[in-house]
Every structure is written in C-alpha cells, then in structure tokens.
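As structure tokens, the structure follows; a few thoughts come after it.
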Amino acid sequence: MRTAALGAVLVLLLGPLAVIASAGPASAADGPSVKLSRSQAGAGGSVTVSGSGWRPKALLMMLICGQSVPSRGVIGGTNSCANADGRAVTTDAEGAFTKKLPVAEPPKPCPCVVHVATVTGAEAQADAIFMVAGHSVEPLPKEASGARLSVLTDTRLDGSSGLLTWFGSPPARTLVFTVGNVGTAPVKNPVFQVGTSHGVFAPQWEEQEWRGTVEPGRKARIKLPFELSAGAHGDYTVSLKYGGKVLAEQPWGVGRPWGVTVFWILLCVVVPAAVFRVGMALVDRVRPPHRPRRTSRTPRRPRPPCRGSPRTAIRAPRRTVSSPHRTRTVRRHRRERDIREDATESGTGHRTQSGRGRSRADARRCGHPAGRGRRTGAGRRGVVQDGVHPARDLGAARRAGHHEGGDHRARGGEGG
C-alpha cells in the first residue's frame, strides 16, 4: 500500500517535467518565426523585425502586405504588398536576423501582416500581424469551403525554341501538371497564377483560368501556356500558385539569343564597308580628270614614214620557186630594189656606207629584219609597193643605172 502511494506521488512530481521536456523540441521544430518590436505604426515610421529558425546564410525579403492574415497567408500574393519599400536581409550562421523595416501603406486594405519569405533556395515564409495606422480596414474575402486542389505529379515544361527565338523572339513554354480535388465540393474553372522570376527578383505573376470542372476525388491534367519577354536569357524559375499558396516550382534555363549577336557583328562590318565604297564612288565622280604633265624638252623630230612596211604591204600568196634560174632572178630583183631605194634616200646613184646604215636602221624601226634586203615579201613577184611593180620597173631601173654610170665616166674624163 505504501509502495503504490509512493509511485503516485513520483508521477505527480515528474509529470510536469516530462511535459516541459517534450514541449521543448516541438517548439524548436515549428519552423521559421518572426517577431515585431511593436504591432502598430503609421506610414513613415519603422518597425524592427527579428526572426529565428531560418536556414543559415539565407537571403530573405521583408514586406508589409494588406488583405492578409497568418492563417490564410497573403491572399493576393505580392501584388497586395508594398514592394517598393521592402527590405532584404541575410540570416546569420544560426538562422537568425534583426532588421528595421520602414512602414508604408500597402495597395490592399488591412488586416495587414509583415511577410518574410526566402528569395533563393528552399521556400519558407512566415507572417506576423501588423496594423498600419490610418490605413483602411476591410473584411477578408470569403474562403471557398469544401474545395481544395493539390498537385499530384511533378510539373514539366513542354515546347522548344525556334529560329525566331534565336534572334530575340520571346521564348514560350507550356506548364503541364496534374491536380486532384481533395475536398468535398467540385472546383469549377479554377484560376491559377503562373509566375516567372529571374535571379533574386520576385516572381511576376500572371493569372490564367483553366476551363473545366474537377469533381471531388478526381484529378485533371492542366496545361497553362506562358512566355517571357523578348531577348530574355539565363536561369529562370517558374512558379505555380492557387488560392494564395505556391503549389510547385520548376527551373528553366533559357539560352542566349546568339542570332542577335551575329547580326550586330555583321552590321558593324558591312555598314562601314558599304559607306567606304559609296564614299570612294563619290570621290571618283567629284575628282577632276587627270591631265598629263607638260615637259620642257624639245619634241623629237618626226621620223619619215615607213615605206613598204609589212603592216601596210599587201602580201601575195607564197609561190614555190622550183627552178634555179628563177631564184637568181628574184635575188637580182631584190638587189636592184635595194640599190634604187638607197639611191633615192641619198640623192646620188652610189650606195654609200651612211646610206646603207640609214636604210638598215629604218628597216629595223619599221619592223623589217636586219640584213641585206628586207625579206618581208615586198619585193616578191606580184607584190605592188608604193605604186611600183618590181617586175615592170626592172627595165627602168637598168636604164637609170646605165645613165648614171655614163655620167660618172664622163665627169671622170673631164676631170682627167
């Protein structure tokens, strides 16, 4: 009897201690929390926000949001918050922080909260009730009872980038996921919010309505198309929100539009080259014509025209000389022609050395081969040169030579 009474006393004494010991770990496992230095302040003031239980070295964003309560969260998303007056803070090694937040009126009426959420990494958020003095207060919208949607499968992005995207066109994808109605009432034409964020910036939400009805206990496959801005590239995060709560997030790496870079490189090369060509063409048109320089040298005495040049002589068809007698006749005709030409140039009937030199120099100048007689075919039989036919003028040449020889002999006799 005494033993039973002693056991009962020990239970009464140690029971509260066991409850306190069990409550300690539970409170530590509740997650991140936020505390405010005061619960009310007017616009233009400030409030000190402190938190604990966050991930170490995490980047957080603090905002004052309207139409919100901790039990329902921020109903309108960040569109209900004073984003321009928000502040960023980084937790310490123990996951705690302390920072002053300026008080500003949110775009939605109160009830208001100080909303703290992670910017990068695993999603975590916490709210603390706060009253903005002088700001309007309205009741919260009614919450739909008995209808709840939950994402059953992982989200994925369908679609690919085309040639236009490579040149800066807005990249577009389709967010595909499966939801199930875990409530007791059907969900008709649910409105989802698709948000895209780049780096540490807050997501930009866009509302999209899905046409259809999800019965209780049923599931539906939903596809929501969306697109980014033109020229967007880098690492993006696609978020899905319904009923003020983020249901899923999907990373998306957008490639750089290299076609735009290639276009600008070609533009920087082609345009200067085209301008240079146009400028050179204009210079050629404007520049005066070229005039030859005047020299003080005395102009050369014009040379006498070439007689019997091979360029102007009329060539007769070649004839094969078959007999020796005809060959000697042709040679004699050539010698007589040379004598006649030299006599004409020197003005006497004798072939002097200077006259021969001049005839040969003229032959070289006019294109005749050097040597005795110009072997151009001008003295051949049947060729007319300078209006004189060699065969017909043979007798005249002999008579001229005979008379010239007689005159010389006569003058010699007189001299003797």
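Derivation of every value follows stated rules applied to the coordinates shown; laboratory data play no part. Bear in mind the structure is a predicted one, so any value in this text is a computation, not a measurement. Glycine gets a Cβ as well: all are built from the backbone with ideal geometry, and neighbour counts include every protein chain shown.
What the table below lists for this structure:
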| item | result |
| --- | --- |
| FRET E, pair Asn189, Glu138, Förster distance 41 Å, beta-carbon r, rounded to 0.05 | 0.95 |
| Positive-end residue of Pro225, Ser161, Gly255, charge dipole of the stretch 149-258 with Cβ unit charges | Pro225 |
| The stretch 149-258 - charge dipole about Cα centre, Lys and Arg +1 at Cβ, Asp and Glu -1, debye rounded to 20 | 280 |
| Packing-based exposure ordering (other Cβ within 10 Å, fewest first) of Arg173, Arg328, Arg340, Arg285 | Arg285, Arg328, Arg340, Arg173 |
| Order of Cys110, Cys65, Cys268 under a 10 Å beta carbon neighbour criterion, fewest first | Cys268, Cys110, Cys65 |
| Positive minus negative residues near Thr174 (Lys, Arg vs Asp, Glu; Cβ under 14 Å) | +1 |
| Integer Hz, Karplus 6.51/-1.76/1.60 couplings in order for the stretch 189-199, x for Gly and Pro | 6, x, 10, 9, 10, 10, x, 10, 10, 10, x |
| Point-charge dipole on Cβ atoms (K/R +1, D/E -1) for the stretch 27-133, about Cα centre, debye to 20 | 120 |
| Per-residue Cβ neighbour rank within 10 angstrom, fewest leading, Trp210, Trp264, Trp54 | Trp264, Trp210, Trp54 |
| Ordering of 239-248, 274-283 by burial proxy (mean other Cβ atoms within 10 Å per residue, highest first) | 239-248, 274-283 |
| Mean-position separation - Cα centroids, the stretch 158-197 and the stretch 104-126, in angstrom | 24 |
| Under the Karplus curve 6.51 cos²θ - 1.76 cosθ + 1.60, θ = phi - 60°, whole-Hz ³J(HN,Hα) for the stretch 228-241, x wherever Gly or Pro sits | 9, 6, 5, x, 5, 7, x, 9, 10, 10, 9, 10, 10, 10 |
| In sequence order, calculated HN-Hα J values of the stretch 208-218 (Karplus, 6.51, -1.76, 1.60; Hz; x Gly/Pro) | 9, 9, 9, 7, x, 10, 10, 6, x, x, 9 |
| Among His198, Gly180, Ser136 the positive-end extreme of the charge dipole of the stretch 115-216 (Cβ point charges) | Gly180 |
| Long-range amide H partners of Ala58 with built H, under 5 Å | Thr91 |
| Across Lys57/Lys245; Lys108/Lys241; Lys188/Lys223; Lys142/Lys219; Lys108/Lys223; Lys223/Lys245, pairs whose alpha-carbon gap is larger than 21 Å | Lys57/Lys245; Lys142/Lys219; Lys108/Lys223 |
| Residues with amide H under 5 Å from that of Phe177, placed H, sequence gap 5 or more | Ile222 |
| Relative packing of peptides 228-235, 76-83 - highest average C-beta neighbours within 10 Å first | 76-83, 228-235 |
| Other-chain or far-sequence residues with amide H under 5 Å of Gly45's (modelled H) | Val103 |
| Local net charge near Thr165, Cβ-Cβ under 12 Å (Lys/Arg +1, Asp/Glu -1) | +1 |
